[in-house]
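Note sheet for the following structure.
The values are calculated or read from the model by the stated rules, or taken from the named source; none is laboratory data. Here the structure is a predicted model, which means the values were calculated and not measured. Every residue, glycine among them, receives a Cβ derived from its backbone with ideal geometry; neighbour counts consider all protein chains shown. Heavy atoms of the whole protein, side chains included, go into the accessibility calculation; ligands, DNA and RNA do not. Shrake-Rupley method; radii C 1.70, N 1.55, O 1.52, S 1.80 Å.
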Amino acid sequence: MSISFYNTLTRKTEEFIPMNEGEVRMYSCGPTVYDYFHIGNARSFVMSDIVRRYFEFRGYRVTYVMNITDIDDKIIKRANEQGVPSSEIAETYTEAFLHDSARFGIRPADVFPRATETMDEIIAHIQGLIEKGAAYNVNGDVFFRVSAFKEYGKLSRKNIEELEVGARIEADTRKENPVDFALWKSAKPGEPSWDSPWGKGRPGWHMECSVMSQKFLGETFDIHAGGNDLIFPHHENEIAQSEALTEKTFARYWMHFGFLNIDNEKMSKSLGNFFTAREIVEKFPAEVIRFYYLQTHYRSPLNFTHEGLDAAKTGLQKLQGLYDALREASGGTGPFDVKHFEQRFITAMDDDFNTPAGFGVLFEMVREANSILHGSGGMEEGSREALIDFLRRSCIGLFGILREESGGGATGELVGGLMDLLIGIRADARKEKQYALSDRIRDGLKELGVVLEDSRDGTKWKLSNE
RNA sequence: GGCGACGUACCCAAGUGGCUAAGGGGACGCUCUGCAAAAGCGUUAUUCAUCGGUUCGAAUCCGAUCGUCGCCUCCA
């Protein structure tokens, strides 16, 4: 049994065979830090993180690198608008990126290389391309000579001739060919710049990713991931400028994440349907948003709706409910075959990280487990522990969608004490059949956002907004 | 114009040649409960945008049509 997934390079689902057995070297395109990232970015970051975690779940050792583009036209533009140094913009939003990622439950990469800290390697790479005849300097701007790389277009399936006649390429008379792209941009007055053999300037956008990935993962590595829109030109250009120099395969497998739309339209500031990750995570727990993302396959477009999030929230409560109940339960007699479900779960996930199919298995498991757990015999101790262990590994370690502390556990001693008192009073009232009083307590608490659930073992409470 | 993706129930969404078309949400009925909630059980697609074709067999392959969307040098 092995993991297979769709490789954009071959347009086929392929069995994953790592360069080094048991090891995955993976690079994911990170943010350009000129603004808060939005819920579409968040989807890509979450899915990329899930891919990394699934490899770990399956026993691989993963080296995961995500770049931070901290010098770029957009950063300079934002800096000029606000009248501050571009380094300040970059710092502010790098910090915001790390903070918001953490709130989304996205695990930090092993390395977060930054473009400004990789300048020597970038310059050396460009120098190498010039020496090979694959790049040329025009008064301090260095361009990649696309005609020097015969395989240009192999990722995006475009051919150079068609690109040349494309109307959207701006004529730049300095270029030998309109499809050539910038590796090094000469500094305009007032722009941040670094010294280079071609004068002061800064790297082109595509350049940094090639260099940063190879710096930490080697000239050839296993997986390169990013949003769908990066296939062309970004990833195409990365391949060209990398392979033209090394004459080796750059990334062996390419993964691309589907876009997130809102009301079936692309999210954009001009349409007014733009949401940052930090504003949405104020309204919904990160676990709910993650679960919502995971219910759609990573390559499919995801239409983001408020109703969808509500539905995800309800669905997730079912999973959390089982997890909570399992931990509170005591030994019983009913056996439960966790292994069977875990096997089916792995089969689903091994097939192109099919998280929706994985949840299909998980929810079938939830139903059967609840049925045994709440049944007359309860669940046998070994099965219960095995199931808790599987839920921990799958829904916490892998997906990050369940909480260890749910319900009122995290609200503090005073609230806990008050709740015990109220529940005690209500229990006495119920014993005396004073249902008007007991319902008054339950209804009143409900209005305050506290839900009571009576069971054979007593009354449990939880907060309704979780 | 070029390249590509998609259309499965009321909503979301797996399935891509062969057992009864997963799963979640919603709705309705039932069990449990003092009543609820939670949980369970049952019902909710003889049919997969439409029309043809290939095949013993098609949601799945091929063709056409309709519709939606993405990329084609800012983009996750």
The farthest towards the positive end of the charge dipole of region A:242-365, of the residues A:Val281, A:Ala329, A:Thr249, given +1 on Cβ of Lys and Arg and -1 on Cβ of Asp and Glu, is A:Thr249
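State to the nearest 20 debye the size of the charge dipole of region A:306-398 about its Cα centre, where the only charges are +1 on K and R beta carbons and -1 on D and E beta carbons.
160
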Regression test value, accessible area per residue of chain A, probe 1.4 Å, units Å², expected 47
In this structure, among A:Lys74/A:Lys185; A:Lys77/A:Lys266; A:Lys150/A:Lys185, pairs with alpha-carbon gaps over 19 Å are A:Lys77/A:Lys266; A:Lys150/A:Lys185
Here the Cα Rg-to-2.2 N^0.38 Å ratio for region A:224-274 is 1.54
Note on chain A: C-alpha Rg/Rh, Kirkwood Rh, two decimals, gives 1.07
Sparse-neighbourhood loop hits (trypsin sites (Lys or Arg not before Pro), region A:249-355; DSSP loop; Cβ within 10 Å at most 12 others) -> A:Lys269
Here, GluC sites (Glu not before Pro) of region A:118-159 satisfying both criteria (DSSP loop; at most 15 other Cβ within 10 Å) are A:Glu151
The answer for the per residue Cα convex hull volume of region A:306-398, in Å³, is 91
For region A:4-257, percent of DSSP beta bridges that are antiparallel (nearest 5) comes out at 45
For chain A, percent of DSSP beta bridges that are antiparallel (nearest 5) comes out at 50
Among A:Gly412, A:Ile425, A:Ser438, the residue whose Cα sits farthest towards the positive end of the charge dipole of region A:407-463 (+1 at Cβ of Lys and Arg, -1 at Cβ of Asp and Glu, taken about the Cα centre) is A:Ser438
Asserting the computed 222 nm helical MRE of chain A (DSSP H runs at least 4 long, -39500 (n - 2.57) per run, divided by residue count, to nearest 500) equals -14000 deg cm²/dmol
In whole percent, the fraction of accessible protein surface over chain A that belongs to carbon or sulfur atoms, probe radius 1.4 Å, stands at 49
Rounded to the nearest 10, the angle in degrees between the Cα long axis of helix A:86-103 and the longest principal axis of the Cα atoms of chain A comes to 30
Quick shape check on region A:1-147: root eigenvalues a ≥ b ≥ c of the Cα gyration tensor, a/c under 1.5 is rounded, otherwise prolate if a/b tops b/c, else oblate, and it reads oblate
Tilt, helix A:236-246 to longest principal axis of chain A (alpha-carbon atoms), in degrees rounded to tens, equals 60
Everything considered on the Cα gyration tensor (a ≥ b ≥ c; rounded for a/c under 1.5, else prolate if a/b is larger than b/c, else oblate), region A:4-257 must be described as oblate
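Compute the Cα gyration tensor for region A:264-334, then decide on rounded, prolate or oblate, letting a ≥ b ≥ c be the square roots of its eigenvalues: rounded whenever a/c is under 1.5, prolate when a/b is larger than b/c in the other cases, and oblate in all that remain.
prolate
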Per-residue accessible area, 1.4 Å probe, largest first, puts A:Thr333, A:Thr8, A:Thr459 in the order A:Thr333, A:Thr459, A:Thr8
Short to long, in 5 Å steps from zero, the percent of alpha-carbon pairs of region A:119-249 per bin is 2, 11, 21, 23, 21, 14, 7, 1, 0
Probe 1.4 Å, all chains present, heavy atoms only: A:Thr220 accessible area in Å², nearest 10, is 30
Stretched fully, the stretch from A:Gln434 through A:Leu421 gains (0.36 nm per residue minus C-alpha distance, one decimal, in nm) 3.0 nm
Taking Lys and Arg as +1 and Asp and Glu as -1, residues besides A:Ser186 with C-beta under 11 Å from its C-beta add up to +3
For A:Lys215, counting only aspartates and glutamates whose alpha-carbon sits under 13 Å away and dropping same-chain residues fewer than eight positions off, the answer is A:Glu117, A:Asp120, A:Glu121
Straight-line reach check, A:Lys283, cutoff 16 Å on alpha carbons, 8 or more apart in-chain or any other chain, hits among aspartates and glutamates -> A:Asp100, A:Glu307, A:Asp310, A:Glu466
The alpha-carbon center of region A:1-80 and that of region A:204-231 are separated, in whole Å, by 9
For A:Ser438, the net charge from surrounding residues (Cβ-Cβ under 11 Å; K, R +1; D, E -1) works out to +1
